[in-house]
Amino acid sequence: MNFINTTIGLASDHTGYELKETIKSHLKKRGFQYVDFGACSADSSDYPDFAHKLCDAIERKDLETGIALCGTGNGMVITCNKYKCIRAGLAWNTEIAQLISAHNKANILIIPARYIVKDTITQMVDAFLDTPFEGDRHLVRINKINLK
């Protein structure tokens, strides 16, 4: 497992609400706890409201990692990556979910809810959470991200 803290932060807008509920059930089965920052229904909502709550919790070190969903994932990834302590990676399949952990040391998995089938969502979550950071040459690259 990539993270010491077994509590995962979750955030979505209305588009990701249903898949977030699937993720919650899966995390519970795996023994993880979670904090759900919203949305709390499929009613129209704004992804930045929930992204900020998730990122604030990680910035305060209340959580180490999170999973966020919106329609294309782009709104969430742009919002989350405004925070200096966040490395949010957009993934649309299991291999990319694994690589953002292994190569980018991502601490938030972003999922494009409109483009992911429910059957693969738990595999993506597992790949992200279970893949350790490889370090070495990847650490050199990560250290170059926040130079400015």
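A short reminder: the numbers here are calculations on the coordinates, not readings from a lab. Here the structure is a predicted model, which means the values were calculated and not measured. Cβ placement follows ideal geometry from the backbone for every residue including glycine, while neighbour counts extend to all protein chains displayed.
List the pairs from K29/K84; K28/K61; K84/K118 whose alpha-carbon separation is above 29 Å, in the order I gave them. Write out the running numbers ahead of the final one.
Numbers: K29/K84 32 Å; K28/K61 22 Å; K84/K118 31 Å.
As for pairs spanning more than 29 Å Cα to Cα, those are K29/K84; K84/K118.
Enter the angle in degrees (range 0 to 90, nearest 10) between the Cα long axis of helix 17-29 and the first principal axis of the Cα atoms of the chain, meaning the one along which they spread out most.
With rounding to tens, the tilt is 70 degrees.
Using Cβ contacts closer than 10 Å as the measure, can you line up K28, K105 from fewest to most?
With the fewest neighbours first, K28, K105 line up as K28, K105.
Counting each DSSP H run of 4 or more residues in the chain as -39500 (n - 2.57), what helix-only mean residue ellipticity at 222 nm follows after dividing by all residues, to the nearest 500 deg cm²/dmol? The partial results should precede the final answer.
Numbers: 6 runs with 62 residues, N = 148.
Here the helix-only value at 222 nm equals -12500 deg cm²/dmol.
Which distance in nm do the two modelled labels at R137 and E21 give, with both placed 7 Å along the Cα-to-Cβ direction?
The two pseudo-label positions are separated by 4.5 nm.
Using just the alpha carbons, could you tell me how many Å³ per residue the convex hull of the chain encloses? List each step's numbers first, then the result.
Working: hull volume 14.0 nm³, N = 148.
Taking only Cα atoms, the chain has a hull volume of 94 Å³ per residue.
Test of understanding: ordering I8, I67 by Cβ neighbours within 10 Å, fewest first, what list do you get? Write down the numbers at each step before the final one.
Numbers: I8 26, I67 29.
By the 10 Å Cβ count, ascending: I8, I67.
Full-extension gain between D46 and T6, please, as 0.36 nm times their residue separation minus the C-alpha to C-alpha distance. Mind showing how you got there, number by number?
Details: separation 40, 0.36 × 40 = 14.40 nm, distance 2.72 nm.
Length difference between fully extended and current span is 11.7 nm.
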